[in-house]
Amino acid sequence: MKTIYTLLLTLFSLIAVQAQVDRTIMPKPGPAPEINLGEPQSFSLNNGLKVLVVENHKLPRVSIQLSIDNPPILEGDKAGVASLTGSLLGQGSKNITKEAFNEEIDFLGARLYFSSQRAYAQSLSKYFPRMMELMADAAINPNFTQVEFDKEKDKLITGLKSEEKVVSAISSRVQKALAYGKNHPYGEFTTEETINNVTLSDVEEYYREYFVPANAYLIVIGDVNFEEVKTLTDTYFTSWTKAVPPSFSYSQPKNVPNTQINLVDMPNAVQSEITVQNIVNLKMKDGDFIAALLANQILGGGSDSRLNLNLRENKGYTYGAYSSLGNDKYGPSRFAASVEVRNTVTDSAVVEILKELELIITQPVTEDELKTTKALYAGSFIMALEEPETIARYALNIETEDLPKDFYKTFLERLDKVSKEEVEAAAKKYFNVNNARVIVVGKGSEITANLEKVNFNGKKLPVLSYSKTADRIETPDYKASIPDGVSAQSIIEKYIEAIGGKDKLESVNTLAMTAAAEMQGMKLDLEMKKTSSYQIMQDVKMMGNSVSKQVLNGNQGYMVIQGQRKDFAEEEIVIFKGESAPFPELQFLKAKSISLEGTEMVGDKNTYKVKIYGKKTAFYDVETGLKLQEISVTEIQGQQIVSTSNFENYKEVSGILFPFKLIQTVGPQTFEFNVSEIKVNDGVSPSDFK
């Protein structure tokens, strides 16, 4: 009975306490949680390498990070040498072949990566001694060979060529080049020409000068013992040659005198990429560093930011609008707000970004914005502590950024104390609406006219045109008048005459073509055969094996992809019929569904733009009449697929001009096929279309 009485008394006491809590009032936040970061133990070798060790025995794993904290390196007319050096590092060593090296890494279930200034390894702790040995061997005794150098060089060139049609890649290049200047390490960029200037000896020289221990840090985190790390480091890294890397001095980049629009024409662009940027001087050790992070987060750091809520949620211009704020102990960095939008709203999006920049500079942030943003940063900060890479980065930052030892331990406490006034001051200091570059990369023929009308705060913004290599150029005349008598039919007739004449083309019953391209260092072989009877066979092979094959034989056809066959649907048969004719332009002469859309630049050539059947656009050189480009839009299973084909290097075969370079772009992928042979009325048999 007494037990029941005690239980009831306890229950009534709990109810009474709960009744006294006013649930209409939000509880006050507790103090910022204490951050317990592993305190690194450290030591240094005589060659300058500094080692930081954080013991963490929760899990049987270890991570090793080697970072070389060199000042920015200018590569000049050999831009690409750093990338090539990084790609050759970690491919075995002078003591172990590439194949044996990679096989052992896989066998251990480990990871090991290199770049020109960094290496990273991760493994189970029982394999830690061997991973230290492998990393040190690959770093100190690299196996630079001409064969591997040539492979990596070809890969790099192939990657560059594929980027030439990618709007985001061109935008990133131009942004940096205009912000810093092309003679600054952050503004220079790699080209095919600069890569071809690089030799194996240049890579070896770059490695000797910059991959040195003077500014190097080795961070070991995980289930390790400090004394063991010290012993292994002494054993494997002491032989690393002591050297001091050379340093450079550069002119300091500056903001433009007045806000301006810098336009880069990308005729193949289906959207415009807009970036509003300005130069900033921000370092992690600055007193307003956290306030600046909060200001950027409120403006464009996430899905709930002002930019995203405006341009995505309110206006419906884009899938996402974001901003970033850089920091750099070596000098200026950038603030940038970026968005991808439809061509028709490019000018409006520019104005909205500038408006949001002005608002955060001139009007206070709200209490809710500040509170939400602080909570977001606190949450992401705490979650990131679960990753060994985070601990390594924090330990390295404290060493290299001249930060107080308790910088991260007190981060949440300092975050919580940041006031609205401090955030507003940071926004005024680091965001710029009066001296900003508005970089727009998009289809000039569709967006230039409206951009030239952009007016902000009563001022018309000047529009300056730049090339894809960030050189100032004259704005193309997209409204060039079409001469009297020029029509879609006359343009097609001129093309037919330019490549050989109607009679010559009509005498062709079959065509056979072979070509080759490269994709990530691997060779692709293309074989294509066509007839005038709605027959086409196209086969792409890699290492002798077919990876993609399409065959049309009259009213039926199929495709085979990686050994899986699928018969063509009716819509696909229609598409391939249109592609099967040796010279489709002969059919266009009789067609009514072609129209002249105007003129447009393709590269540095002025072309006539001809719409064909409403789904394909062809571009013919105004001067020569030759076809330079085709853009096709096809819909398969409810999805629109845009492909761009460029035709270059025309050569004569049997009295007819054919392009011997075919550059095909589908989505982010670009393939440059070089034709090795074309046969006219030869090399085709009925069995090719079985």
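Results for (1) closer than 30 Å to Ser348 by Cα; (2) touching a Ser or Thr at 6+ places or on another chain (Cβ under 9 Å), shown as yes or no for each residue.
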| residue | (1), (2) |
| --- | --- |
| Phe248 | no, no |
| Thr259 | yes, no |
| Asn281 | yes, yes |
| Gly300 | yes, yes |
Checklist line | Residues satisfying the stated conditions in segment 589-601, i.e. touching a strand residue (DSSP E or B) at 6+ places or on another chain (Cβ under 8 Å) and either at pLDDT below 85 or more than 21 Å from Gly501 (Cα to Cα) (or both) | finding: Ala591, Ser593, Ser595, Leu596, Glu597, Gly598, Thr599, Glu600, Met601
Notebook entry, point to check: Would you pick out the residues in segment 199-213 that are more than 17 Å from Ser115 (Cα to Cα) and either touching a helix residue (DSSP H, G or I) at 6+ places or on another chain (Cβ under 9 Å) or surrounded by 15 or more Cβ atoms within 10 Å (Cβ to Cβ) (or both)?
Noted result: Thr199
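Determine which member of the set Ser348, Ser303, Ser324, Ser380 is touching a Leu at 6+ places or on another chain (Cβ under 9 Å), surrounded by fewer than 21 Cβ atoms within 10 Å (Cβ to Cβ) and either at negative phi or not in a strand (DSSP E or B) (or both).
The conditions single out Ser303.
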Notebook entry, point to check: Residues of segment 168-215 being within 30 Å of Phe43 (Cα to Cα) and either without any contact (Cβ under 8 Å) to a residue 40 or more places away in the chain or acidic (Asp, Glu) (or both), which ones?
Noted result: Glu204, Glu205, Arg208, Glu209
Check: Scanning for something closer than 27 Å to Val508 by Cα, among the acidic types (Asp, Glu) and in a helix (DSSP H, G or I), does segment 562-570 turn up at least one residue?
Finding: no
Note to self: Of everything in segment 409-467, what is within 19 Å of Arg342 (Cα to Cα), touching a residue at least 40 places away in the same chain (Cβ under 8 Å), part of a loop (DSSP other than H, G, I, E, B) and not basic (Lys, Arg)? Give them in sequence order.
What the structure shows: Val454
Margin query: Show me the strands (runs of 3 or more DSSP E) entirely contained within segment 29-145 in which 3 or more residues are over 33 Å from the mean Cα position of the chain (by Cα) and surrounded by fewer than 19 Cβ atoms within 10 Å (Cβ to Cβ).
Written below: 41-44
Check: What's the number of the condition Lys285 fails, among (1) of a type in the set (D, E, K, R); (2) in contact with a helix residue (DSSP H, G or I) (Cβ under 8 Å, 6 or more places away or on another chain); (3) outside any strand (DSSP E or B)?
Finding: (2)
Item checked: The listed residue being modelled with pLDDT under 95, more than 22 Å from Ile219 (Cα to Cα) and not aromatic (Phe, Trp, Tyr), out of Val166, Val81, Val174 -> Val166
Next item on the list: Say whether the condition of being crowded, with 23+ Cβ neighbours inside 10 Å and not assigned by TED's automatic domain parsing to the domain that holds Leu66 is met by at least one residue in segment 286-293.
Entry: yes
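Of these, Thr241, Thr190, Thr231, which one is under 30 Å from Ser123 (Cα atoms), out of contact with any strand residue (DSSP E or B) (no Cβ under 8 Å at 6 or more places or on another chain), modelled with pLDDT of 95 or more and β-branched (Val, Ile, Thr)?
Exactly one residue qualifies, and that residue is Thr231.
Can you spot a residue in segment 348-362 that is touching an Asp or Glu at 6+ places or on another chain (Cβ under 7 Å) and in contact (Cβ under 8 Å) with a residue 24 or more places away in the chain?
no
From the set of residues in segment 556-573 that are within 13 Å of Ile536 (Cβ to Cβ) and not charged (D, E, K, R), which is surrounded by the most Cβ atoms within 10 Å (Cβ to Cβ)?
To start, the set of residues in segment 556-573 that are within 13 Å of Ile536 (Cβ to Cβ) comprises 556-559, 568, 572-573.
Keeping just the survivors that are not charged (D, E, K, R) gives 556-559, 568, 573.
Details: Gln556: 11, Gly557: 22, Tyr558: 14, Met559: 17, Phe568: 18, Ile573: 17.
Filtering segment 556-573 for residues that are within 13 Å of Ile536 (Cβ to Cβ) and not charged (D, E, K, R), the one surrounded by the most Cβ atoms within 10 Å (Cβ to Cβ) comes out as Gly557.
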Check: From the set of residues in segment 322-349 that are at pLDDT 95 or above and among the polar types (S, T, N, Q), which is farthest from Leu263 (Cα to Cα)?
Finding: Asn327
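The values are calculated or read from the model by the stated rules, or taken from the named source; none is laboratory data. These numbers come from a predicted model, not from an experiment. So basically every Cβ, Gly included, is an ideal-geometry build from the backbone, and we count neighbours across all protein chains shown.
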